[in-house]
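Trainee: The structure's right below; bear with me while I get my questions together.
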Amino acid sequence: MHRDPRTPAPGRRLKAVATALALATAMFAAGAVLIDPVSPRPPETATPVRAGARPAGTVQSLTARLERLPGDWNAWSALGMAHIEQARATGDPALYAKAEKALRRSLTLQTHGNTGAESGLAALAAARHDFTGARTQAEVAIAGDPYGAAAYGVLADAHTQLGNYQDAEQAVQKMNDLRPDAASLARASYTFELRGLTDRAVGLMRRSLTAATTAGERAFAHACLSGLALEAGDARRALQEAEQGLRATPGDAALLDARARARAALGQSERALADWQRAVEIAPLPHVVLALGEMHQVLGHGPQADAQYALLKAQDRLRAAAGSPPDTDAILFEADHGSPARAVAMAEQALRTRPFVAVHDAYAWSLHRAGRDREALAHADQALALGTRQALWSYHRAVIRHALGDHNAAHEDLESALGPTSALHPLHAGHARALLERIGTHP
């Protein structure tokens, strides 16, 4: 009996579960590459230590330095950040404990004025999805150094996830005033993306790309530009952006995911499937695993789809066992492929600590799937209240509005969700077009 080569072997699957959980935790670190509060320079760049400065370097080079100079508190804080970045790249959750140990060692050696370690602890809290803790720690770092741009970046991220959007924008503005580099420009782009101001978001992300000094920063910018193009209905542009990034970093999972989504929008299903498969093998993040499973489902590959769904369930069991709050991908998966009632409970848990617009969308969809459409509509409206252009969120509200009998409003949302070329996954795009036909207003 031959195993489909696209289906992970059991051993690989178990490894994938652990890796995915770690990566999901690291997701917000986020932009990791871009929110590094310690070193805006390439990791390999050696920087002489001076008062208030922090040496950049790899884990290996910093460890070697600390063997010679164990009292170098700047190097300890840099090592902590290097571990956080390494955790993002490798998906090894044990590295967070190492990061915390190094950062606290730095603070033990230098209690006062150690904003590098304080900013590092803020980034670590964000990486662990403790956004309240990240906000508090970032404020401590800012109090110690009001001119430290990096801490404002972590503060902005925390405010965004906590639903404090105006506070987030103020922090991003301050960060850009202090240091208009790739990280701060990317954050500025995101503030406009959340408001649905795509042209300004694209312009700022292009400036971030120009300012990028590392391969990771350039890959991140290309992936974001691809996503912005796709949501704007330009799938070919989205494909170009992803391919341009992949020429420089062919193994970047986010760029593979971006190219898969562009290819899916262009009807290149098998090529999209191959990209998602490769992305999952590199970094099995839940949203990519879900996209791969649903593409298998669209193509009638039942066993392969079930394998990805089993992986997602295993990831969520590990997440729950660790006491971590559920992310939106897990909630949406549970709503569509599991128990809607459980999805509602998961969303309510997530909203208690992360009242972000994406969580409101996941809650809305869960409530709809559980038959609670009137409650669902309120949260669908909250998800789109900032003006964010997200085809999936518009599709969700369309279905909810249709269920409540408001067909005209549902038609409006469906038009927004489908656009010239839809950013929706083919599974949802098919449902959206079918609903539009049922309403009887298909163009």
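The values are calculated or read from the model by the stated rules, or taken from the named source; none is laboratory data. What you see is a predicted model; the values in this text were computed from it and never measured. A quick note on method: Cβ atoms are made from the backbone with ideal geometry, for glycine too, and the neighbour counts reach across all protein chains shown. Remember, those area values only see protein heavy atoms, side chains included, never the ligands or the DNA or RNA. Shrake-Rupley method; radii C 1.70, N 1.55, O 1.52, S 1.80 Å.
Trainee: Angle between the Cα long axis of helix 10-26 and the longest principal axis of the chain, 0 to 90 degrees, nearest 10?
Mentor: Value to nearest ten degrees: 70.
Trainee: State, to one decimal in nm, how far the label point of L69 lies from the label point of K313, with both points 7 Å from Cα in the Cβ direction.
Mentor: 5.4 nm
Trainee: Same structure again: Could you size up the charge dipole of the range 128-279 around its Cα centre, putting +1 on the beta carbon of Lys and Arg and -1 on that of Asp and Glu, and report it in debye to the nearest 20?
Mentor: 400 debye
Trainee: Same structure again: Just the number, please: carbon plus sulfur as a percent of the accessible area of the chain, 1.4 Å probe, no ligands or DNA/RNA counted.
Mentor: 53 percent
Trainee: The range 67-173: which chymotrypsin sites (Phe, Trp or Tyr not before Pro) are DSSP loop and have at most 15 other beta-carbon atoms within 10 angstrom?
Mentor: Those satisfying the criteria are Y147.
Trainee: Could you give the angle, 0 to 90 degrees to the nearest 10, between helix 235-248's Cα long axis and the longest principal axis of the Cα atoms of the chain?
Mentor: The angle comes out at about 30 degrees.
Trainee: Evaluate the charge dipole of the range 218-318 about its Cα centre and quote only its size in Debye, nearest 20, assuming +1 on the Cβ of each Lys and Arg and -1 on the Cβ of each Asp and Glu.
Mentor: Using only the charged Cβ atoms, the result is roughly 160 debye.
Trainee: Moving to a separate point now. If the reach is capped at under 14 angstrom between alpha carbons, list the aspartates and glutamates near K174, excluding any in the same chain fewer than eight residues apart.
Mentor: E139, D145, D157
Trainee: Follow-up question, since we're still on this one. Among the aspartates and glutamates, which fall within straight-line cross-link reach of K101, defined as a Cα-Cα distance under 20 Å, with same-chain neighbours fewer than 8 residues apart omitted?
Mentor: Answer for K101, where 20 Å is the Cα cut-off: D36, E67, D72, E85, D92, E118, D130, listed by chain and number.
Trainee: Still on this model: Sort the following peptides by mean Cβ neighbour count (other Cβ atoms within 10 Å, averaged over residues), highest first: 400-409, 286-295.
Mentor: Highest mean packing first, the order is 286-295, 400-409.
Trainee: How far is it, in nm, from the label point at L386 to the one at R206 when both lie 7 Å from their Cα along the line to the Cβ?
Mentor: 2.3 nm
Trainee: Roughly what percent of Cα-Cα pairs across the chain reach past 33 Å?
Mentor: 33 percent
Trainee: With +1 assigned to the C-beta of every Lys and Arg and -1 to the C-beta of every Asp and Glu, and no other charges, what is the dipole magnitude of the chain about the Cα centre in debye, to the nearest 20?
Mentor: So the dipole magnitude of the chain works out to roughly 840 debye.
Trainee: Now, a different point. Under the definition of Cα pairs under 8 Å and six or more residues apart, what whole-number percent is the relative contact order of the chain?
Mentor: About 12 percent, as a whole number.
Trainee: Quick check: from the Cα gyration tensor, does the range 122-175 come out rounded (a/c under 1.5), prolate or oblate?
Mentor: oblate
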